[in-house]
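A short write-up of the structure that comes next.
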Amino acid sequence: MQNLKTIRLVIIRTQELGESDKLITGYSREKGKLQLLAKGAQRSLKRFVNKLELFSCLTVQYNDKYRLPIINWAELIDSFLPLRQHYSSYTAAILVCEHLYYWMTADDGDEELFNCLLWFLKELARQPTQGSQLLVLFLSKFYDRLGYRPDLTACAVCGKLDNTAAPFAFRTGHGTIICRRCYVERGAIPLALPTIKLLSLAFELPVKKLSRLKLNTQACREALNLFRCYGRYLLDRDMQAWQTLSTAGEGSLPYNG
Ligand SMILES: [Zn+2]
């Protein structure tokens, strides 16, 4: 029985396999990203009914004797139902799942990132119209935990961070900002001073205090644009959900490459 493991995870991707099985990808605190096979899940087996859905938080028991571990049973903790009922919150949650799916690997569990994921899903279910703001806060923590926190402390050339040097621009290739007085190259991402200050706070605050931060439309748009371009530069791919998000009424993202 030593092959039986019990773990709590959030489902970040589901795929149908053959006629009756389902391949589940989850993110967990202890084991990072993991893939599990749910045999017979496409048939309405009682033990899986309505449990193996995207975004759901579950406790699962699986047998890791196999190359692709098989789920024995699953117990639903929270399905975050309300966020599935709004197109924009659904898209925001898909985007977060996509980030976890493409960035994370097996055995890179991170307690703070897992807590941040649960915080994001709970807050989004509670206030489904706040997708943009919650996304900015989640992605701030996400890149920070990965070790890619953008350096927004001051202009990388002159060291200034005040209104006389505003507006600033983020340089994806450097991960730093530069002020208008120094040089703003083509393709740099515009950032107003209040956006820089809000993002700097988001990097520093513990997850449970993130909800204190309120971002206006401009800050959301600038920050999302930064994370989209920065993520695309780092990972060399654009997440599919960015495109959907920009047509989901979540403020038109200025970046449209
Ligand atoms: Zn400068």
Could you give the accessible area per residue of the range 54-122, probe 1.4 Å, as a whole number in Å²?
43
Stretched fully, the stretch from residue 233 through residue 105 gains (0.36 nm per residue minus C-alpha distance, one decimal, in nm) 44.2 nm
Kindly work out what percent of the DSSP beta bridges joining two residues of the chain are antiparallel, to the nearest 5.
90
A 22 angstrom limit on the alpha carbon distance is what I want to check against. Which of 22/46; 5/65; 122/208; 31/51; 160/209; 33/214 exceed it?
160/209; 33/214
Subtract the Cα-Cα distance of residue 197 and residue 160 from 0.36 nm times their separation in residues, and report this length gain in nm to one decimal.
12.0 nm
Other-chain or far-sequence residues with amide H under 5 Å of residue 72's (modelled H)
61, 62, 63
For a quick check: with amide H placed at 1.01 Å from N, whose amide H comes under 5 Å from residue 152's, ignoring anything fewer than 5 positions away on the same chain?
none
Just going by the charge dipole of the chain, with Lys and Arg at +1 and Asp and Glu at -1 on Cβ, which of 91, 37, 152 is farthest out on the positive end?
91
Which residues qualify? For residue 110, with a placed amide H closer than 5 Å and at least 5 residues away or on another chain, they are 32
Taking r as the C-beta separation of residue 68 and residue 174 and R0 as 51 Å, the FRET efficiency to the nearest 0.05 is 0.80
Debye, to nearest 20: dipole size of the chain, +1 on Lys, Arg Cβ, -1 on Asp, Glu Cβ
260
Give or take rounding to whole Å, what are the principal axis extents of the alpha carbon atoms in the range 1-75, in descending order?
29, 26, 19
Virtual spin-label span in nm between residue 218 and residue 148, 7 Å along Cα→Cβ:
2.8
Per residue of the range 220-234, what does 6.51 cos²θ - 1.76 cosθ + 1.60 with θ = phi - 60° give for ³J(HN,Hα)? Whole Hz please, x for Gly and Pro, Karplus curve as stated.
4, 5, 5, 5, 5, 4, 4, 5, 5, 5, 5, x, 5, 5, 5
What number does the range 100-257 give for Rg over Rh if you use C-alpha atoms and the Kirkwood radius?
0.95
Of the accessible area of the range 84-246, with the probe set at 1.4 angstrom, what percent is carbon plus sulfur?
47
Summing -39500 (n - 2.57) over every DSSP H run of at least 4 in the chain, dividing by its residue total and rounding to the nearest 500, the 222 nm mean residue ellipticity is -11000 deg cm²/dmol
Where is the GNM fluctuation largest for the chain (alpha-carbon springs, 10 angstrom cutoff): 103, 119, 242?
103
With a 1.4 Å probe and every protein chain kept in, tell me what percent of the accessible surface of the range 4-79 is carbon plus sulfur.
43
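The values are calculated or read from the model by the stated rules, or taken from the named source; none is laboratory data. The structure displayed is predicted, hence computed values, not measured ones. Every residue, glycine among them, receives a Cβ derived from its backbone with ideal geometry; neighbour counts consider all protein chains shown. Ligands, DNA and RNA are stripped out before the accessible areas are found, and what is left, the full protein with its side chains, is counted by its heavy atoms. Shrake-Rupley method; radii C 1.70, N 1.55, O 1.52, S 1.80 Å.
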